[in-house]
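Read-outs throughout are calculated quantities, based only on the coordinates presented, and are distinct from any laboratory measurement. Every value quoted in this text rests on a predicted model; they were computed, and no experiment measured them. Because the Cβ atoms are built from the backbone with ideal geometry, glycine has one as well, and the counts that use them run over all protein chains shown.
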Amino acid sequence: MRMFTSCPPSLRAPTHAPTRASRRAPVTESRLRPGRQGVQRIYRLAKEKALIGEYEYLESIGVPRAQALQVMSQASASFEREAVRRGLDPGTLEFGANEMREVVEYLMGVGVTEKALGELVVRHPAVLAYDVESRLEPLFVYMESTFERNATQFISDIARRPSLLGLDANENARRMVEYLLSNGSSKEEALEYLLRTL
């Protein structure tokens, strides 16, 4: 009787290459146990789902759907900065459609048209985070008293340069204008400087 001590090389299973079944196992396992990226994605999706009302509100005021996420993200970051600037803890405050609605109603009340509103918000999302009483109203009053610009005229300035809304009447706006006037600029030149540089 003849005995074979080894198989011919062509019939041997390769020892160095994994089989198909062993190659699939880690993939299946990784699908069952999401890593850090998977957890972050789940968190991001849950957060976005919670913000659907805010995105719908932004669309209702003329913000294109494709830009709603970016606008909301920038407005939220500005809201946190504004809260810190006012000495408040942003973690204890809410920012959503109700807070944005307050700003939108004020802007429309002073003459921003519905058609211009969406473009204004896209160009300067931070405006949605500004406090009406302490930030926006004083700015409109300051522009009227300093430059004799009524709300309608100031709205046309804002349409040209939305970042004007970022001025704080009691801080940077007053300082900048006083500096320009003290150096010989006329009020018209000072306003034009703000419109060109902000």
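Mean sequence separation of contacting Cα pairs (under 8 Å, at least six apart), scaled by the length of region 131-198, corresponds to a relative contact order of 35 percent.
Dividing the Cα radius of gyration by the Kirkwood radius, what Rg/Rh value follows for region 42-164?
Taking Rg over the Kirkwood Rh, I get 0.98.
Please give the residues of region 52-79, grouped as numeric ranges, whose backbone N is less than 12 Å from a label point set 7 Å along the Cα-to-Cβ vector of L93. Only 76-79 pass the distance filter.
One chain, two ends: R81 and E148. Fully extended at 0.36 nm per residue, the span grows by 21.1 nm beyond their Cα-Cα distance.
The residue list V177, A151, S134 was ranked by how far each Cα lies along the charge dipole of region 131-198 toward its positive end, using unit charges on Cβ atoms, and V177 comes out on top. Rg of the Cα atoms in region 131-198, relative to 2.2 N^0.38 Å, amounts to 1.01.
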